[in-house]
Amino acid sequence: MGDEKKGEKEAEVISDKVSKKLLDMSSVSLNLASYGDIFSSFDPRTYIQRTFSQDLLNEMKRATKELPSGELQITFIMPRARRNWEDEIVIKRRLREHFKRHYILSVHEMKKLKLRGYGMALLGVGFIFTSSLLYSIENAAFWIKFLQILLEPAGWFTAWTALEGVFYTGRELKEELDFHEKMSNANIEFLSY
């Protein structure tokens with residue numbers, strides 16, 4: 001009897017040491033009471049279809065923001081009695097799919113933003129160029145002078161607004177893109193406590 005208890009205590013100590021080592025290696029560790037913490041509490045569907053919790057996604061974004069790109073380790077820690085290996089497989093797959101899908105969407109959104117922004121900037125430069133050409137017409141009719149006066153500020157506004165969108169909105173979108181790229185390549189593990 002004494003040897004069995006001693007063996008169990010040694011196994012617990014080893015398990016605790018392994019868990020501590022894994023947590024130390026982990027980039028991000030999140031404590032869960034149950035698998036339900038990963039998903040939206042408003043969505044009654046199964047884990048295969050259920051929407052992820054916005055709180056979880058925000059916490060993951062916050063926790064990974066300062067971490068460099070590369071190998072990222074996400075560790076979910078929860079009570080041993082509540083763990084279910086089959087659910088964990090589904091959850092890991094769903095998380096990877098979610099982040100890969102959103103990474104691809106972010107890449108497309110970034111391309112659209114740049115294309116639209118640079119196109120509008122070019123249009124604005126075209127307005128300014130046309131306005132400059134209209135300036136060179138001597139003794140121009142009223143409607144040409146009106147058009148010239150209208151095109152110059154329209155050109156500046158269009159060009160600067162477009163470039164502002166590319167650089168400032170693009171920065172926010174780049175943060176989303178980086179987050180989804182990090183998370184789509186992350187190693188996701190579950191540990192017990």
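Taking V125 as meeting all but one of (1) within 30 Å of S27 (Cβ to Cβ); (2) surrounded by fewer than 18 Cβ atoms within 10 Å (Cβ to Cβ); (3) more than 18 Å from the chain's Cα centre (by Cα), write down the number of the exception. Of (1) within 30 Å of S27 (Cβ to Cβ); (2) surrounded by fewer than 18 Cβ atoms within 10 Å (Cβ to Cβ); (3) more than 18 Å from the chain's Cα centre (by Cα), only one is false for V125: (1). Residues in segment 145-168 that are closer than 30 Å to K61 by Cβ and open to solvent by 70 Å² or more (accessible area, probe 1.4 Å): E164, F167, Y168.
Among the residues of segment 51-70, just one is in contact with a strand residue (DSSP E or B) (Cβ under 7 Å, 6 or more places away or on another chain), farther than 12 Å from L95 by Cβ and outside any helix (DSSP H, G or I), namely T51.
Residues in segment 51-65 that are of a type outside the set (D, E) and without any contact (Cβ under 8 Å) to a residue 12 or more places away in the chain were compared, and the one that is surrounded by the most Cβ atoms within 10 Å (Cβ to Cβ) is L57.
Per-residue answers, yes or no, for (1) buried (at least 17 other Cβ atoms within 10 Å of the Cβ); (2) at pLDDT 90 or above; (3) assigned to a loop (DSSP other than H, G, I, E, B); (4) at negative phi:
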residue	(1), (2), (3), (4)
P44	no, no, yes, yes
R94	yes, yes, no, yes
H108	no, yes, no, yes
E138	no, no, yes, yes
W143	no, no, no, yes
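Which residue pairs have Cβ atoms closer than 7 Å, lie 6 or more positions apart in sequence or on different chains, and pair a first residue in segment 164-177 that is farther than 15 Å from Y103 by Cα with a second residue that is assigned to a helix (DSSP H, G or I) and open to solvent by less than 100 Å² (accessible area, probe 1.4 Å)? If the second residue must be assigned to a helix (DSSP H, G or I) and open to solvent by less than 100 Å² (accessible area, probe 1.4 Å), the pairs left are G165/L113; G165/G117; V166/L113; V166/K114; V166/G117; T169/L113.
The single condition among (1) open to solvent by 100 Å² or more (accessible area, probe 1.4 Å); (2) without any contact (Cβ under 8 Å) to a residue 24 or more places away in the chain that R116 does not satisfy is (2).
Within segment 28-49, the set of residues being more than 19 Å from A186 (Cβ to Cβ) and without any contact (Cβ under 8 Å) to a residue 24 or more places away in the chain comprises G36, S40, S41, F42, D43, P44, R45, T46, Q49. Of all the residues in segment 161-182, those that are touching a Phe, Trp or Tyr at 6+ places or on another chain (Cβ under 8 Å) and within 11 Å of S106 (Cβ to Cβ) number 3.
The values are calculated or read from the model by the stated rules, or taken from the named source; none is laboratory data. For clarity, every value in this text was computed on a predicted model and none was experimentally measured. Every residue, glycine among them, receives a Cβ derived from its backbone with ideal geometry; neighbour counts consider all protein chains shown. Heads up: the accessible areas ignore ligands, DNA and RNA and are worked out on the full protein's heavy atoms, side chains in. Shrake-Rupley method; radii C 1.70, N 1.55, O 1.52, S 1.80 Å.
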